[in-house]
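The values are calculated or read from the model by the stated rules, or taken from the named source; none is laboratory data. Note that the structure is a prediction, hence the values are computed from the model and not measured. Heads up: the accessible areas ignore ligands, DNA and RNA and are worked out on the full protein's heavy atoms, side chains in. Shrake-Rupley method; radii C 1.70, N 1.55, O 1.52, S 1.80 Å.
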Amino acid sequence: QNARTGHIGGALMLVYTVAFIDPTALALWKQHPDVLLLDCTYKTNRFNMALLNICAITGANMVVQVGLAFIRQEREADYNWALEFLRGLIAKESIQEPLSIVTDREIALIKALRTHFPSSQHLLCRWHVNMNVLAKTKKFFPAPILVNNRPIRHPQFQEFLTSWNVLLASPTVPIYNQRLAEMQAKYPTSAVKYCTDTWLIWKENLVATYIDQYC
């Protein structure tokens with residue numbers, strides 16, 4: 001556990017709340033240290049503070065929640081505090097530094113990771129990416145259609161989403177470039193532009209061929 005305090009007008013103020021590490025989960029983390037997942041959830045408490053979830057993945061692809069940290073705001077300084085606590089625990093418990101750390105596109109967290117885990121490969125969570133692509137590009141495609149009185153995505157939109165995931169799985173740079181060019185030629189310009197301008201600027205953290213170069 002760890003926390004920081006400050007003073008305002010002589011009164012004690014909690015600046016960062018306590019971080020928790022579960023002892024049982026800690027033992028599992030020691031056995032499976034290669035990958036860490038970091039993500040914040042919101043509105044989980046009456047203080048309206050973000051809750052940073054720290055998870056590991058076992059060799060059986062089971063996600064283990066190893067720790068929690070309430071942070072006051074999603075600023076680099078707040079993430080620095082949480083990651084300093086995490087690094088201290090790694091040193092104290094002799095845990096291997098993670099090979100990869102997976103997050104969403106939280107810029108303040110990414111900057112803090114570069115400071116505290118510079119040798120760990122940072123990856124963007126594809127689930128978060130795909131949820132954003134789904135939400136932001138559907139307006140560029142025909143509306144859902146009814147099948148057996150149930151609305152389903154228009155086939156063109158579903159095809160676009162499939163092509164997007166095929167692009168992310170590209171095994172080589174030439175194949176990636178070819179698939180991207182095919183998408184640009186086939187689908188609405190605005191939909192593809194959202195993907196390129198928002199997500200493919202992070203291709204080294206997202207697309208298979210670039211990720212595999214560091215593995």
For all pairs of alpha-carbon atoms in the stretch 68-174, what percent lies in each bin of width 5 Å, listed from the first bin to the last filled one? 2, 10, 14, 16, 14, 11, 9, 10, 7, 4, 2, 0
If you rank TYR187, TYR194, TYR42 by how much accessible surface each has, with a 1.4 Å probe, what is the order from largest down? TYR42, TYR194, TYR187
On the accessible surface of the chain, probed at 1.4 Å with all protein chains in place, carbon and sulfur together account for a percent value of 55 percent
Percent of Cα-Cα pairs per 10 Å bin, from 0 to the last occupied bin, for the stretch 157-214, please list those. 24, 59, 16, 1
Using a 1.4 Å probe and ignoring any ligands, DNA or RNA, find the accessible area of ILE21 and quote it in Å² to the nearest 10. 40 Å²
In what order, largest first, do ASP78, ASP104 sit by accessible area if the probe radius is 1.4 Å? ASP104, ASP78
Unsatisfied cross-links (Cα-Cα over 18 Å) in the set LYS139/LYS203; LYS136/LYS193; LYS30/LYS92; LYS30/LYS111: LYS139/LYS203; LYS30/LYS111
Could you sort SER100, SER190, SER119 by their accessible area in this structure, using a 1.4 Å probe and putting the largest first? SER119, SER190, SER100
Relative contact order of the chain: what whole-number percent is it, with Cα pairs under 8 angstrom and at least 6 residues apart? 14 percent
Using a 1.4 Å probe on the protein heavy atoms only, what accessible surface does PHE70 show? Give it in Å² to the nearest 10. 50 Å²
With a 1.4 Å probe and every protein chain left in place, tell me how much accessible area GLU159 has, in Å² to the nearest 10. 80 Å²
Under the definition of Cα pairs under 8 Å and six or more residues apart, what whole-number percent is the relative contact order of the stretch 102-215? 28 percent
At what distance in angstrom do the alpha carbon centres of the stretch 160-199 and the stretch 58-102 lie from each other? 33 Å
How large is the convex hull of the C-alpha atoms of the chain per residue, in Å³? 176 Å³
Determine the per residue accessible area of the stretch 51-175 with all protein chains present and a 1.4 angstrom probe, expressed in square angstrom. 53 Å²
DSSP bridge orientation in the stretch 56-177 - percent antiparallel, rounded to nearest 5: 55 percent
